[in-house]
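The values are calculated or read from the model by the stated rules, or taken from the named source; none is laboratory data. What you are looking at is a predicted structure, and each value in this text was computed from that prediction instead of being measured. Note that we place each Cβ from the backbone using ideal geometry, even for glycine, and neighbour counts take in every protein chain shown. Heads up: the accessible areas ignore ligands, DNA and RNA and are worked out on the full protein's heavy atoms, side chains in. Shrake-Rupley method; radii C 1.70, N 1.55, O 1.52, S 1.80 Å.
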Amino acid sequence: MWLKTIKLLAGIMAIPLMIAVSKAFYGNIITVAELSGILKYFIWGVGAYIGLHLLFYKPTYVYVLGHEAVHAITSWVMGGKINSIKVSEEGGSVSTTKTNAVIELSPYFIPIYAIIIMVIYFVVSYSYNINGATFVFLIGFSMALHVIMTIEVMKTRQPDMIKSGYLFSIVFVYVLNIMILAMLFGLLFKTFSAKKFLLDSYGYSKDVYVAI
C-alpha cells in the first residue's frame with residue numbers, strides 16, 4: 001500500500017515538470033524566425049489528431065509499425081542484427097540479436113514520425129521554399145499520435161510498467177518526448193536553443209516547487 005502511495009505522490013509531484021517543459025518549449029519555439037506567425041498550426045495539428053482518434057479512427061497499425069521500427073533501428077545502432085519484424089493491428093514484434101532496457105523502452109520516448117517529418121522538411125527546405133505551416137501542423141499531428149497511442153499501449157499492453165504508477169508514467173513519457181522534440185528543433189533551427197530550453201525548464205519547475 002505504501003508503495004502505491006509513493007508512486008501516486010511521485011506522479012503528482014512530477015506534474016509541475018510537465019507544465020514547465022511545455023511552457024519552456026512554447027516560449028522557445030515562438031522565437032524561431034522560420035516559424036513566425038504559424039505556430040497556431042501546431043495546436044491545430046494536435047486538435048486534428050485528437051478529433052480523428054476520438055471520433056473516427058485509431059491508427060493502430062501506423063503506430064505499431066513505427067513502434068517496431070524504432071525497436072529495430074535502436075538495436076541495429078547498438079550493434080544488433082534484425083532477424084524479423086512483424087506488424088499487425090493486434091500488435092507487433094521484432095526479433096534481434098541484441099536487446100536491453102534502452103532498446104525495449106526506446107519506442108515510448110522516440111517520436112519516430114515527428115523525426116521523419118523533420119528530416120523531410122530539412123532535406124526539402126534546403127533546396128526549395130516549402131510551406132512552414134504544413135510542417136508545423138504535421139509535427140503537432142504526429143506528436144499527438146505518438147503520445148496518445150503510447151499511453152494507450154502502455155495502459156493495455158504494458159501493465160507491469162505502469163502498475164500503481166499510471167500518472168507518473170504518463171508524465172514521464174510526455175516530458176521525455178518534449179525534451180527529445182526540443183533537441184531536434186535545436187538541430188533544425190538556428191534560432192531555437194536547446195540549451196535555453198533546458199535552462200528555462202529548470203527555472204520554471206524550480207519556481208513552482210519553491211512556491212509549493
Inset, instruction - Summarise the accessible area of the range 64-151 (1.4 Å probe, protein heavy atoms) by the percent that is carbon and sulfur. - result: 66
Legend entry - Dipole of the chain, positive end: most advanced residue of Ala194, Tyr57, Ile151 [Cβ charges, Cα centre]: Ala194
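Remind me, what semi-axes does the range 55-152 give for its equivalent ellipsoid, largest first in whole Å, using sqrt of 5 times each Cα gyration tensor eigenvalue?
Rounded to whole Å, the semi-axes are 26, 18, 11.
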Legend entry - Among Ile29, Trp76, Ser205 the positive-end extreme of the charge dipole of the chain (Cβ point charges): Ser205
Legend entry - Global form of the range 10-120, assessed from the alpha-carbon gyration tensor, a/c cut-off 1.5: prolate
Inset, instruction - Rounding to the nearest 20 debye, state how big the charge dipole of the chain is about its Cα centre with +1 on each Lys and Arg Cβ and -1 on each Asp and Glu Cβ. - result: 300
Legend entry - Rounded to whole Hz, the Karplus (6.51, -1.76, 1.60) HN-Hα couplings of the range 83-92, x for glycine and proline: 8, 6, 9, 10, 9, 7, 4, 7, x, x
Inset, instruction - Kindly flag which residue pairs out of Lys7/Lys98; Lys40/Lys196; Lys7/Lys206; Lys23/Lys58; Lys7/Lys196; Lys23/Lys195 have an alpha-carbon separation exceeding 25 Å in this structure. - result: Lys7/Lys98; Lys23/Lys58; Lys7/Lys196
Legend entry - Heavy-atom accessible area per residue - the range 1-113, 1.4 Å, Å²: 59
Legend entry - Ranked order, Glu104, Glu152, Glu68 - accessible area, probe 1.4 Å, largest first: Glu104, Glu152, Glu68
Inset, instruction - With just the Cα atoms of the range 99-151, tell me how far they stretch along each of the three principal axes, in Å, largest first. - result: 41, 22, 8
Legend entry - Kirkwood Rh and Cα Rg combined as Rg over Rh, evaluated for the chain: 0.98
